[in-house]
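Data first, discussion second: the structure below is written as structure tokens.
The values are calculated or read from the model by the stated rules, or taken from the named source; none is laboratory data. In this text the structure is predicted, and so the values were computed from the model without any measurement. All Cβ positions, even for glycine, are placed from backbone atoms using ideal geometry, and neighbour counts span all protein chains on display. With ligands, DNA and RNA removed, areas are computed over all heavy atoms of the protein, side chains included. Shrake-Rupley method; radii C 1.70, N 1.55, O 1.52, S 1.80 Å.
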Amino acid sequence: MTTLVLVGLQWGDEGKATIVDVFAAQSDVVVRYSGGANAGHTVVVGDEKYVFHLLPVGVLHPDKISVIANGVVVDVEQLFVEIDDLRSRGLEIGDHLLVSSRCHVTLPYHKALERLDESLRGKQALETTLRGVGPTIVDKVARSGVMVADLFREQLLLDKLRRNTKEKNLILERGGLSERFDANALVQQLRPLSERIRPFVADTSKALADYIDRGKKILFEGAQGTLLDIEHGTYPFVTSSHPVSGGACIGSGVPPTKIDKVVGVLKAYCTRVGAGPFPTEDSADAGKLLGERGKEFGATTGRPRRCGWLDLVALRYAARINGIASIVVTKLDVLDVLDEIPVCIGYEHGGERLTEFPPEIDVLAECRPVYVRLPGWRQSTRGLTDVAQLPSNAMSYLERIEEEMGVGIALVSTGPRRDEMVVLDQDLISF
Ligand code: IMP
């Protein structure tokens with residue numbers, strides 16, 4: 001087995017980064033395949049806290065190759081903010097980082113367009129991260145995008161930017177925004193960044209094919225989560241890319257026949273940042289407690305995350321869409337203080353009981369969760385590493401997840417650090 005995809009099963013923020021970091025240790029290559037600088041991946045190593053938006057978490061392992069594959073949209077300025085931050089902390093980013101020449105580039109006008117789009121939506125705003133990711137992907141699909149390869153072809157770049165700035169300036173003017181963009185100025189602005197990114201640029205799908213042929217272990221590091229997927233998420237309250245496991249193929253050029261295993265990551269409760277339906281949201285004291293104990297603030301925007309309970313209807317759906325072989329549960333310790341823990345096992349809609357996640361957003365918004373209340377364990381699991389130390393009610397909680405999802409749990413995190421993990425089944429995570 002040489003390839004493994006790690007995906008988020010909820011609305012992102014499942015705590016994937018630490019898990020990626022753990023899996024990276026047994027990989028040769030770590031690949032980011034979707035999203036852009038909208039992601040917020042936090043890893044704690046010893047006393048150091050690292051927050052990544054664009055760089056794969058794999059860069060924390062200088063002996064591994066890290067790849068930003070074609071499915072990621074790249075804000076080149078942000079990329080070097082992160083690289084420079086790591087350098088200032090003693091972590092050199094050299095030839096172990098590859099960036100696909102086919103990545104699309106986020107430009108300053110994308111961020112302006114996103115602010116306009118959000119303001120025009122008024123009360124129906126999506127509450128995006130305003131990192132320009134959506135408009136960059138809109139340009140990709142509209143076939144007007146600027147790719148990393150274009151950064152080194154100045155005439156082509158200028159031609160594209162002339163066309164794009166003409167269109168974007170018209171939109172911004174009609175939308176009442178004062179910002180305007182000039183193609184020549186953008187080319188000047190991009191020139192030093194292009195020179196900096198040049199050494200990292202590669203034909204990454206070819207590089208990945210070669211690594212696979214040589215039997216290297218490839219880890220695909222998901223960003224965001226299944227319910228934010230543009231195709232399979234809670235549209236239109238989604239991101240614009242493909243966090244699901246299928247996105248690993250589109251976003252890297254590695255074919256489905258070469259994907260060996262998919263592991264899903266879920267948080268022991270549920271959070272969402274931004275607008276959109278969230279059936280198990282708890283805006284009362286218990287939800288606030290989850291937010292406080294789980295430090296649930298967006299790593300990209302600093303916004304407080306909406307908190308609620310485990311939704312097994314949504315998780316069964318996510319398990320199906322991703323084809324997961326095993327589960328990683330994160331942040332179990334956040335639940336340590338609760339007397340009982342509600343777990344959603346179905347929805348009620350229009351007097352009917354639903355057990356499938358409804359594809360229509362208005363139906364989902366009207367769904368009421370049907371809860372079972374499982375007994376809490378009221379003792380600290382923080383930092384536990386041995387399965388024998390897990391309280392029996394915590395084990396029952398985990399077993400209920402396995403039963404409902406029909407998939408085994410391999411790993412449980414009990415704190416933010418790399419080493420705060422309980423391995424339940426080594427076979428389910430090794431590759
Ligand atoms: P966008 O990706 O900035 O376009 O935002 C679209 C939606 O996805 C918003 O609700 C964001 O809050 C959400 N989102 C984007 N990235 C993340 C993430 O890394 N974690 C959680 N939510 C995210």
Unique residue being open to solvent by less than 10 Å² (accessible area, probe 1.4 Å), in contact with a Ser or Thr (Cβ under 6 Å, 6 or more places away or on another chain), within 20 Å of I361 (Cβ to Cβ) and not in a loop (DSSP other than H, G, I, E, B) when the list is A318, A314 | A318
Across segment 401-422, what is the total count of residues that are open to solvent by 60 Å² or more (accessible area, probe 1.4 Å) and at pLDDT 95 or above?
-> 2
Number of the exception - Q189 against (1) closer than 24 Å to K111 by Cα; (2) open to solvent by less than 10 Å² (accessible area, probe 1.4 Å) = (2)
Is at least one residue of segment 77-91 assigned to a loop (DSSP other than H, G, I, E, B) and within 24 Å of A248 (Cα to Cα)?
-> no
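Given the criteria within 10 Å of the chain's Cα centre (by Cα) and part of a strand (DSSP E or B), does V7 qualify? Even if it seems obvious, please write down each step before you answer.
Working: within 10 Å of the chain's Cα centre (by Cα): yes; part of a strand (DSSP E or B): yes.
Here the answer is yes, as V7 does meet what is asked.
Take the conditions out of contact with any Ser or Thr (no Cβ under 7 Å at 6 or more places or on another chain) and either open to solvent by 10 Å² or more (accessible area, probe 1.4 Å) or assigned to a helix (DSSP H, G or I) (or both) and apply them to V22. Does it pass? Outline the logic, then answer.
Details: out of contact with any Ser or Thr (no Cβ under 7 Å at 6 or more places or on another chain): yes; either open to solvent by 10 Å² or more (accessible area, probe 1.4 Å) or assigned to a helix (DSSP H, G or I) (or both): yes.
Yes: the conditions hold for V22.
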Filter segment 348-369 for residues that are assigned to a helix (DSSP H, G or I) and either open to solvent by 90 Å² or more (accessible area, probe 1.4 Å) or of a type in the set (K, R) (or both); the one that is farthest from I230 (Cα to Cα) is E366
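Restrict the check to segment 156-171 and report whether at least one residue is farther than 18 Å from S252 by Cα, hydroxyl-bearing (S, T, Y), surrounded by fewer than 18 Cβ atoms within 10 Å (Cβ to Cβ) and not assigned by TED's automatic domain parsing to the domain that holds R305. Step through it out loud before you land on a result.
Taking segment 156-171 and keeping what is farther than 18 Å from S252 by Cα, we get 156-171.
Narrowing the set further to residues that are hydroxyl-bearing (S, T, Y) leaves 165.
Next, from what is left, pick out any that are surrounded by fewer than 18 Cβ atoms within 10 Å (Cβ to Cβ): none.
So far as segment 156-171 goes, no, none of its residues is farther than 18 Å from S252 by Cα, hydroxyl-bearing (S, T, Y), surrounded by fewer than 18 Cβ atoms within 10 Å (Cβ to Cβ) and not assigned by TED's automatic domain parsing to the domain that holds R305.
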With the condition kept exactly as written, say whether any residue in segment 295-304 is on the phi < 0 side of the Ramachandran plot, more than 17 Å from the chain's Cα centre (by Cα) and more than 12 Å from the ligand (Cβ to nearest atom).
-> no
State yes or no: is R115 within 16 Å of the ligand (Cβ to nearest atom) and either at pLDDT 95 or above or not in a loop (DSSP other than H, G, I, E, B) (or both)?
-> yes
Would you point out the residue of segment 321-332, among those that are open to solvent by less than 20 Å² (accessible area, probe 1.4 Å) and more than 18 Å from L227 (Cβ to Cβ), that is nearest to the ligand (Cβ to nearest atom)?
-> L332
What about G222, is it open to solvent by 10 Å² or more (accessible area, probe 1.4 Å) and either over 18 Å from the mean Cα position of the chain (by Cα) or more than 20 Å from V138 (Cα to Cα) (or both)?
-> no
Between residues in segment 238-254 that are assigned to a loop (DSSP other than H, G, I, E, B) and residues that are open to solvent by 20 Å² or more (accessible area, probe 1.4 Å) and among the acidic types (D, E), which pairs lie under 8 Å by C-beta distance while being six or more apart or on different chains?
-> H242/E231; V244/E231
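Out of A112, A149, A142, A125, which single residue is within 14 Å of S240 (Cα to Cα) and not assigned by TED's automatic domain parsing to the domain that holds V59?
Values: A112 fails: within 14 Å of S240 (Cα to Cα); A149 fails: within 14 Å of S240 (Cα to Cα); A125 fails: within 14 Å of S240 (Cα to Cα).
Result of the check over A112, A149, A142, A125: A142.
How many residues does segment 337-347 contain that are more than 29 Å from the chain's Cα centre (by Cα) and part of a loop (DSSP other than H, G, I, E, B)? First the steps, then the outcome.
Start the filter on segment 337-347 by keeping residues that are more than 29 Å from the chain's Cα centre (by Cα), which leaves 339-340.
Next, from what is left, pick out any that are part of a loop (DSSP other than H, G, I, E, B): 339.
The qualifying residues number 1.
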Given A183, A209, A299, which one is open to solvent by 30 Å² or more (accessible area, probe 1.4 Å) and not assigned by TED's automatic domain parsing to the domain that holds A24?
-> A299
Residue, nearest to the ligand (Cβ to nearest atom), within segment 260-290, restricted to residues that are surrounded by fewer than 19 Cβ atoms within 10 Å (Cβ to Cβ) and under 21 Å from the mean Cα position of the chain (by Cα) | A275
